[in-house]
Amino acid sequence: MSSLGTVLDPAGQPRKPGALCIGAQKAGTSWLAQMLGQHPQIWIPPFKEVQYFNHLFLPGHRKWIDWHYRQKPQEVRDRHARRGIPVPPDLDAYLNGVTRGKMFHNQWYKRVFAPAPPVAIPMDFTPEYSTLPDEGVDYVARFLPRAKVIYLIRHPVDRAVSQLRMNLQREGRRPQTLAEWMAEIDNPVLHDRGDYASYLPRWQAQYPEMLVLPFGRIARDPHGLMEAVEAHLGIGPWLYSNIAEKVFASRNPLQPPPEAIAALEDRIAPQLAFLADHLGADFVAQTR
C-alpha cells in the first residue's frame, strides 16, 4: 500500500470492492497490502482495513473499531508530515468524509471505495472478516457475490505466538512467572483468529474459488506468490519494490517459555490436523 501515493478520483462514484483479503491476523496481510498497493490495477483505502462487516456482525469489535477510525486518518496525515509532504486536499477531504457523520451502513461502505480510479479494482483488507459467523459470511456473499477473496494461512502456533507478543506489547504487560504465561496461553482471544477449522470451510462454502495461500511463501517465494495473486485477481504482472522486506516485524523481545509453547502446541494440534486433512501436508509445511 503506497502510504503517500494513494491515487484518488475525486469524481468517483460509490462502488463495492471487487476483492477482499480476509486474514488471517499476523499472517502477512500487511505485506500483501504493501505489494498490491503498488499495482495500478488495485486500489486500497489509505487506512487499509475498512472493518465494515465485523462492525455489523461482531458487536464486541465495535469499541476498538471506533478507535481505529479515530486513529488511522491521523496516522495517514502523520506519515505525510514525517516526510515533509503536504496532505493533498482531495485526500484530506476523503479522510474527513468517511470518518464523520453516520458510518457503517451500505452506502458508507461503498463511499469508502468511491475514489478508486476506474481502471482499478477496489480492495478491502480486513483480517477480522475471517472470524465472521455464518450469517456474516452469508451477508458478505449476498452483498459481494462476485468478489475475489484471499486468505493467508500461517502456522497456527507461530501465528498465536505472534499475536500474543503483539497484544502484550500493545497492553504494556510482561508476564513474569510460568503461571502467568500459562494464563496467557489459555486466553480464548489468542485462539479465535487462528480457528481455521471453523472459518476456512465457512468461507469456502460461499467462495469456493477463494485463494488460500501459505504464509511461508512470502519469505521463500514472494514473486511466485504475487503471480498467484495476480492470476486470481485478474490483473497484469507488476514489478514490486521491497518485495523481500518484512512489514511490521515485531520488536518485542518477549518470548513465551518452552513449557508455554508446548502447552500451546498441544492445544492447537487439532488445527494442524485440520489443515493437513483439508489442504495437505505440503501446504502445512509452507505455513512457516
Inset, instruction - Answer yes or no: is there a residue in the stretch 99-121 that is farther than 25 Å from Trp31 by Cα and of a type in the set (Gly, Ala, Ser). - result: yes
In the stretch 156-210, anything more than 17 Å from Pro270 (Cα to Cα) and in contact with a strand residue (DSSP E or B) (Cβ under 7 Å, 6 or more places away or on another chain) is listed as Trp203, Tyr207, Met210
Given the conditions (1) of a type outside the set (Lys, Arg); (2) in contact with a helix residue (DSSP H, G or I) (Cβ under 8 Å, 6 or more places away or on another chain); (3) modelled with pLDDT under 95; (4) over 18 Å from Glu128 (Cα atoms), every one holds for Val229 apart from (3)
By residue number, the members of the stretch 125-165 that are more than 18 Å from Ile218 (Cα to Cα) and among the hydroxyl-bearing types (Ser, Thr, Tyr) are Thr126, Tyr129, Ser130, Thr131, Tyr139
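Yes/no per residue for (1) modelled with pLDDT of 95 or more; (2) under 15 Å from the mean Cα position of the chain (by Cα); (3) surrounded by fewer than 20 Cβ atoms within 10 Å (Cβ to Cβ); (4) closer than 24 Å to Arg193 by Cα:
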{"site": "Ala11", "(1), (2), (3), (4)": "no, no, yes, no"}
{"site": "Gly23", "(1), (2), (3), (4)": "no, yes, no, yes"}
{"site": "Lys26", "(1), (2), (3), (4)": "no, yes, no, yes"}
{"site": "Trp31", "(1), (2), (3), (4)": "yes, yes, no, yes"}
{"site": "His39", "(1), (2), (3), (4)": "yes, no, no, no"}
{"site": "Gln74", "(1), (2), (3), (4)": "no, no, yes, no"}
{"site": "Arg77", "(1), (2), (3), (4)": "no, no, yes, no"}
{"site": "Ala81", "(1), (2), (3), (4)": "no, no, yes, no"}
{"site": "Val87", "(1), (2), (3), (4)": "no, no, yes, no"}
Hey, Gly136 in contact with a Phe, Trp or Tyr (Cβ under 6 Å, 6 or more places away or on another chain) and either within 30 Å of Glu180 (Cβ to Cβ) or in a helix (DSSP H, G or I) (or both) or not: yes
Kindly check whether there is at least one residue in the stretch 43-53 that is polar (S, T, N, Q), touching a strand residue (DSSP E or B) at 6+ places or on another chain (Cβ under 8 Å) and in contact (Cβ under 8 Å) with a residue 24 or more places away in the chain.
-> no
Requiring at least 1 residues that are among the charged types (D, E, K, R) and out of contact with any helix residue (DSSP H, G or I) (no Cβ under 7 Å at 6 or more places or on another chain), the helices (runs of 4 or more DSSP H) wholly within the stretch 37-129 are 62-82, 89-99, 106-112
Log entry, pairs with first residue in the stretch 188-206 being without any contact (Cβ under 8 Å) to a residue 24 or more places away in the chain and farther than 19 Å from Gly28 by Cα, second being hydroxyl-bearing (Ser, Thr, Tyr) and not in a helix (DSSP H, G or I), beta carbons closer than 9 Å, six or more apart or on different chains, reads Gln204/Tyr151
Just one listed residue, out of Ala183, Ala179, Ala147, is small (Gly, Ala, Ser) and either more than 14 Å from Pro257 (Cα to Cα) or touching a residue at least 24 places away in the same chain (Cβ under 8 Å) (or both), and it is Ala147
query: Can Tyr151 be described as outside any strand (DSSP E or B) and surrounded by 23 or more Cβ atoms within 10 Å (Cβ to Cβ)?
result: no
**Prompt:** Does Met1 satisfy the condition of being at pLDDT 95 or above, under 25 Å from Asp92 (Cα atoms) and of a type in the set (A, V, I, L, M)?
**Reply:** no
Condition set of a type in the set (D, E, K, R) and either surrounded by fewer than 17 Cβ atoms within 10 Å (Cβ to Cβ) or touching a Pro at 6+ places or on another chain (Cβ under 6 Å) (or both), scope the stretch 209-226, selection farthest from Arg288 (Cα to Cα): answer is Glu209
Among residues of the stretch 185-207 being farther than 22 Å from His278 by Cα and surrounded by fewer than 18 Cβ atoms within 10 Å (Cβ to Cβ), the residue modelled with the lowest pLDDT is Val189
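The values are calculated or read from the model by the stated rules, or taken from the named source; none is laboratory data. Note that the structure is a prediction, hence the values are computed from the model and not measured. Backbone-built Cβ (ideal geometry, glycine too); neighbour counts: all protein chains shown.
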